[in-house]
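In what follows, a single structure is set out as structure tokens and then discussed.
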Amino acid sequence: MENSKRSLPVRVLSRFWRGVDWSRRIAMNVLFLGVALLLLVAIFSGRPKVPKGAALVVKPEGAIVEQLTGRSFESLLDASGGAKHEVLLKDLIDAVKAAKNDKRISSIFLDTSEMGHAGLTTLEDLRAALLDFKKGGKKVVAYSEAYLQGPYALASAADEVWLHPEGAVLLEGFGRWRTYYKEGIDRLGIDWHVFRVGEYKSAVEPFLRNDASPEAKEADLEWLSDLWGSWVNGAAAGRKMKPEDIRAYIDTMAERLEAAKGDMARIALEARLVDKLGYRDEIQKRMIAIAGEDKKEHTFKQIGLDDYLEAQGGDRTGKIGFGDAVAVVVAVGNILDGKQPAGTIGGDSTAALIRRAWQDDKVKAIVLRVDSGGGSAFASEVIRRELVIAREHGKKVVASMGSVAASGGYWISTASDEIWSSPDTITGSIGIFGMFPTVEKPLAKYLGVHVDGVGTTRLSGALRLDRTMSPEVARMFQAGIDRGYRDFLSRVAEARKMTTEDVDKIARGRVWSGTDAHERKLVDKLGSLPDAIASAGRLAGLPKDHRVWYVEKEKSLKEMLLTDAMKGQARLARALGVADPAASETERPFVPAVVRAVAQDLGETARLLALNDPHGVYAYCFCEVR
């Protein structure tokens, strides 16, 4: 009886556990079936259909980039049609090029309302694709609820530019404004030990000064003026205006607004920067007149970028094709040591892509596409050395510079048979620096914390953050920086067939526009990525129709299946009329300027502090234009 009573709780607990286990198995089976269903949808749903006479909707949501940031789960969400924060430039250009000769596509509807940042060469390349599309006799119609400088550069290529009546065309010109911390650092008592070569190497100035040095202002104004002149000339040509008209619009904006009683859309129309002011329903009516009506959806016949690319099919990376190839390795972002995700240049990971390319017998040339302000000098040398090895194995190497290829970005470009840049590339910044903070003063002043001890040599404990840096260690740091600068000069001198003295005259950390860099023999030719690819093919003796292979990190089977499944899920949701649960966020131009400026400055500082060279030596340039 007693044993029976004691066993009752045990029996109850046992039944409860069996119930939990049963529920768990059901949940796992349901999850498995759900994943299997998504895979079946992805496999059997087929490619999207392109309506006859449709408009290709080009609506970049977020930044336009040359390489998507490596965010595994978020990238899968992007593939499913959810919120996007980046759009691949190659996707945009491939779609526009395909649409030019596609009889099913009547026009392009360019909506830049949710477009984020794009580098100058990115804008140039996409703008060139739009202008080429128009040569086929098809229309490009642009619309936005407000145009900033980047979106307007694209819109100016359109046949018709529409603006929301409550919108604006907000043009400011280019500038480089930074936050300087010297006084704040001094108040805290932090000692930032900075070592550099080059009076124009201004990346570290915020830690040394409360303002920009005269040398930095001189150099910055020169290249900014070159880039701004190019931007104005391009926009004016697209709008069939004089460059002076656009400059006058900016310079007299206050007077124009007063006369228009604050109506920014009206002054843009009067200045001929836009053709029409219209609400969303009005631009829809215009597009229905061009592309025809989709009576089911009560809008114009259209197809989005992702669906159109999927409908085209094929292998757009060039990996599966036959015949000899030019391999393209994209190097975008800060240069860091080790293996890094896409959107950042890793010394080991980027070198691995180059190695994969030169070890392929079908690859006869490599194009290194660089969009980077630099970073770790050690990682830069790892990448440069891999390109040297590629050339030793008979591969031709061409460097193609994007919006920025400065400092470490220039370093990795030197091991090339040719260097190409855009006229508006930001390049040069041949200089080097190192930084090391010590915080012994604020520890003592604010916390009453002191450090003391003994060591067996003069260098014991010399690199502690909580100890004063000795003059001897400072000399050692500076000697290392000087050596790094000499190495940089010798790399450039050898590559460019110049003396180190001649390189030093145009180096010392100074930044140049692509045009000025070409005049100073830092680059060989001015042109786009397709120009560089064509040149690499010629150097390798390949026919004009040679294969181009974009070398990327290979996806695992799991990643490929998940991506396809989520694409299928998105198509199924649209077919069923289910709303997209991940509504895209729009970065409006009227976010307080101070908020955007502070966020940008903090981001620059964070990128600087995140650099991870094993020797603390950096070739880096803060020279991005916004």
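The values are calculated or read from the model by the stated rules, or taken from the named source; none is laboratory data. The structure presented is a predicted model; accordingly, all values stated were derived computationally and were not measured. Cβ sites come from the backbone with ideal geometry, for glycine too, and all protein chains shown count toward neighbours. Areas reflect the complete protein model, heavy atoms only, side chains present, ligands, DNA and RNA absent. Shrake-Rupley method; radii C 1.70, N 1.55, O 1.52, S 1.80 Å.
In a simple Cβ point-charge model (Lys, Arg +1; Asp, Glu -1; nothing else charged), segment 483-524 has a dipole of about 140 debye relative to its Cα centre.
Simple spin-label estimate for Lys182 and Lys135 gives 5.2 nm between the two label positions (7 Å along the Cα-to-Cβ direction from each Cα). For segment 294-418, the solvent-accessible area of protein heavy atoms averages 36 Å² per residue (probe radius 1.4 Å; ligands and nucleic acids excluded). The HN-Hα couplings worked out from phi for segment 404-417 by the Karplus form 6.51 cos²θ - 1.76 cosθ + 1.60 (θ = phi - 60°) are 9, 8, 10, 6, x, x, 6, 3, 6, 7, 6, 7, 10, 6 Hz, whole numbers, x standing for Gly and Pro. As a fraction of the 1.4 Å probe accessible area of segment 242-347, surface on carbon and sulfur atoms comes out at 50 percent. Annotation: amide H of Ile105 within the under-5 Å range of Gly53, sequence separation 5 or more or interchain, hydrogens built in the peptide plane. Of the Cα atoms belonging to segment 376-419, the radius of gyration and Dmax stand at 10.2, 30 Å. For segment 89-142, the solvent-accessible area works out to 34 Å² per residue, with a probe of 1.4 Å and every protein chain left in place. Sequence-ordered 3J(HN,Hα) estimates for segment 276-293 from the Karplus curve with 6.51, -1.76 and 1.60 and θ = phi - 60° stand at 9, 9, x, 7, 4, 5, 6, 5, 5, 4, 5, 6, 5, 5, 8, 9, x, 9 Hz, glycine and proline given as x.
The calculated pair-distance distribution of segment 421-489 uses every alpha carbon pair, bins of 10 angstrom beginning at 0, and gives 16, 32, 25, 15, 9, 3 percent.
The orientation-averaged shadow of the Cα convex hull for segment 215-273, equal to a quarter of the hull surface, comes to 4.6 nm².
Per residue, the average separation of C-alpha pairs within less than 8 Å and at least 6 apart gives segment 465-540 a relative contact order of 15 percent. Relative to one another, the C-alpha centroids of segment 482-527 and segment 401-468 are positioned 21 Å apart. Taken over the Cα atoms of segment 182-328, the convex hull encloses 335 Å³ per residue.
Shape of segment 323-365 from its Cα gyration tensor (a ≥ b ≥ c, root eigenvalues): rounded if a/c is under 1.5, otherwise prolate when a/b > b/c, or oblate? Prolate, since a/c reaches 1.5 and a/b exceeds b/c. Note that segment 179-223 carries a Kirkwood radius of 11.3 Å, evaluated over its alpha carbons pair by pair. Here the Karplus relation 6.51 cos²θ - 1.76 cosθ + 1.60, evaluated at θ = phi - 60°, turns the backbone of segment 237-247 into coupling constants of 4, x, 8, 6, 10, 8, x, 5, 5, 6, 4 Hz, with x for every Gly and Pro. Per residue, the convex hull around the alpha carbon atoms of segment 63-221 comes to 195 Å³.
Close amide H contacts of Ala342 (hydrogens built in the peptide plane, cut-off under 5 Å, sequence separation of 5 or more or a different chain): Gly70.
What the Cβ-Cβ distance of Thr457 and Ser225 gives, at R0 = 45 Å and to the nearest 0.05, is a FRET efficiency of 0.30.
Here segment 285-439 is treated with +1 on each Lys and Arg Cβ and -1 on each Asp and Glu Cβ, and its dipole about the Cα centre works out to around 160 debye. Length, then width, then depth: along the principal axes, the Cα atoms of segment 315-431 run 41, 32, 28 Å. Volume per residue for segment 127-235 equals 143 cubic angstrom (convex hull of Cα atoms).
The average projected area of segment 252-384, computed from the convex hull of its Cα atoms over all directions, is 15.0 nm². In whole percent, and with a 1.4 Å probe on the protein chains, what portion of the accessible area of segment 366-492 is carbon and sulfur? Ligands and nucleic acids excluded, carbon and sulfur reach 56 percent.
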